[in-house]
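Student: Please read through the structure below; I'll follow up with questions.
The values are calculated or read from the model by the stated rules, or taken from the named source; none is laboratory data. These figures come from a predicted structure and were not determined experimentally. All Cβ positions, glycine included, derive from the backbone under ideal geometry; neighbour counts span all protein chains shown. Heads up: the accessible areas ignore ligands, DNA and RNA and are worked out on the full protein's heavy atoms, side chains in. Shrake-Rupley method; radii C 1.70, N 1.55, O 1.52, S 1.80 Å.
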Amino acid sequence: MTQIPSLNDARQMDAADPLATCRAQFHIPDGTIYLDGNSLGVLPHAVKGRVADAVSKEWGDGLIRSWNDAGWVDLPYRIGARIARLIGAEENCVVATDSTSVNLFKTLSAALTLRPGRHRIITEERNFPTDNYIAEGVIRQCGGQHELVHVSTPEAIAAALDSDTAVLMLTHVNYRDGRVHDMAALTQAAHDAGALVIWDLAHSAGALEVDLCACNVDFAVGCSYKYLNGGPGAPAFLYAAPRHQGGFQQPLTGWFAHAAPFAFSPRYEPATDISQYLCGTAPVLSMIALDAALDVWDSVDMAALRQKSQELTGFFIDLVEARCAGHDLTLITPRDAEARGSQVSFKHPTGGYAIISALIAEGVIGDFRAPDVLRFGFTPLYTRFEDVWTAVDRMASILADRRWDTPEFHARKKVT
Ligand SMILES: *Cc1c(COP(=O)(O)O)cnc(C)c1O
């Protein structure tokens, strides 16, 4: 048997890591090993000063003038352009706006109007719940003639596409097990059937390379509070291909989606560019936090990021399997590094929530996804191999003497 890597081995991997210097740009609390950046990214130092200035100077002193003078009105586009680079989008095709859920509502509604006479929306049963809930809402809103078809395996997706399919709506990296879909192949298959695609990039943006343009994607949405570190509830993003920016309407026809918002004309007239996907006034302070958080990304090589992500997740899998064997943990994330995103998940029959709670109490933060999944996110910009090693060391110790199995750790909090 090969030797189990030591803490010293992990430190040597950190010494050879080309992204190691990025960590200094983040506020990492002392004594915390944070393996939940896939749920809420950590605070980039740059955000603190920028938000403080925005509050005291732009809002405090500049007041209403700051919409023009501080460029508030351009934030959705400026931030959109910065995110576009990370997801392979064309120019002027991404805006930062609303939440992922709301952006799904807008894009799915738009997509259905572009495929009149077709009735099926294909998605995965195991998709993140909000995506499927929103689809149910859109169907009700459209008069109930559409059908949401849940498929349960990747193989079934392509098979389900037919001449009555309007939209294929999928999440690129699954939130629960971290499996990655083949975006190029599935988009092609949907187009071959005459359908449109919407990709949810919540667990992709800032986690791996995405090329929306090369894959010929129609629409995409995603979160910026996860791997992009935009802060709690940060504005989400929305991508619409150039061919889907005029000639029809999305239903949330707010004034920022008007062709000329400050004409104050009595009737709605749709913008014909990406601004049609905005709705109302942007949350400026959150936008500014996100803009500052994106500074970190300007110099990041996404191929190097992906490589480190695969190494971190692989290192974690190997260590857990070597050091936590015999404790009922079952890997549900693909072993093939190409087939997984930047997270690793294990199932445990009874103790998932309590084990995560015990880990958090000892400074290792992951999360639990009902009913039985322990989920760990690996953010290459600030997670070290040393952190992975220490996290597994604590987990092995917690499992060995069942420190997790107490009423305190089993008691569920509201947010898991
Ligand atoms: C996190 C996540 C969301 C969150 O949507 P919000 O509107 O920001 O609450 C949506 N979809 C997926 C796939 C996610 O992982």
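Student: Using protein chains only and a probe of 1.4 angstrom, how many square angstrom of Y133 are accessible, to the nearest 10?
Tutor: The value for Y133 is about 150 Å².
Student: Quick check on the chain: helices-only [θ] at 222 nm, where DSSP H runs of length 4 and up contribute -39,500 (n - 2.57) each and the sum goes over total residues. Nearest 500, please.
Tutor: Working: 13 runs with 143 residues, N = 416.
Theoretical 222 nm ellipticity from helices: -10500 deg cm²/dmol.
Student: Another one. Please compute the net charge surrounding I360, taking Lys and Arg as +1 and Asp and Glu as -1 over other residues with Cβ under 12 Å from its Cβ. Let's see the in-between values first.
Tutor: On the way: positive: R394, K413; negative: D36, E362, D367, E408.
The answer is -2.
Student: Mind jotting down the three principal axis lengths of region 173-280 based on Cα atoms? Whole angstrom, largest first.
Tutor: Dimensions of region 173-280 along the principal axes of its Cα atoms: 49, 38, 20 Å.
Student: Over region 49-298, what percent of the accessible surface lies on carbon and sulfur atoms, probe 1.4 Å? Present the calculation step by step, with values, prior to reporting the outcome.
Tutor: Values: 5390 of 9870 Å².
Carbon with sulfur: 55 percent of the solvent-accessible area.
Student: Could you sort L40, L399 by their accessible area in this structure, using a 1.4 Å probe and putting the largest first? Could you put the intermediate results ahead of the total?
Tutor: Working: L40 65, L399 5 Å².
Reading off the accessible areas and sorting them downward yields L40, L399.
Student: Need one value: the accessible area of S66 in square angstrom, 1.4 angstrom probe, rounded to the nearest 10.
Tutor: Taking all protein chains as shown, S66 has close to 10 Å².
Student: Hey, what did the chain get for relative contact order, percent, Cα under 8 Å, at least 6 apart? Provide the component values of the computation, followed by the final result.
Tutor: Working: 793 pairs, mean separation 90.8, N = 416.
That works out to 22 percent.
Student: In what order, largest first, do T130, T100 sit by accessible area if the probe radius is 1.4 Å?
Tutor: Listed by decreasing accessible area, they come as T130, T100.
Student: Add +1 for every Lys or Arg and -1 for every Asp or Glu among the other residues with Cβ under 9 Å from the Cβ of L35, and state the total.
Tutor: Details: positive: R375; negative: D36, D367, D387.
With Lys, Arg at +1 and Asp, Glu at -1, the net is -2.
Student: Order R394, R412, R179 by their accessible area, 1.4 angstrom probe, all chains in place, largest first. Could you put the intermediate results ahead of the total?
Tutor: Numbers: R394 75, R412 145, R179 45 Å².
Solvent-accessible surface, decreasing: R412, R394, R179.
Student: With the radius of gyration and the Kirkwood radius both derived from the Cα set of the chain, what is their ratio Rg to Rh?
Tutor: 0.99
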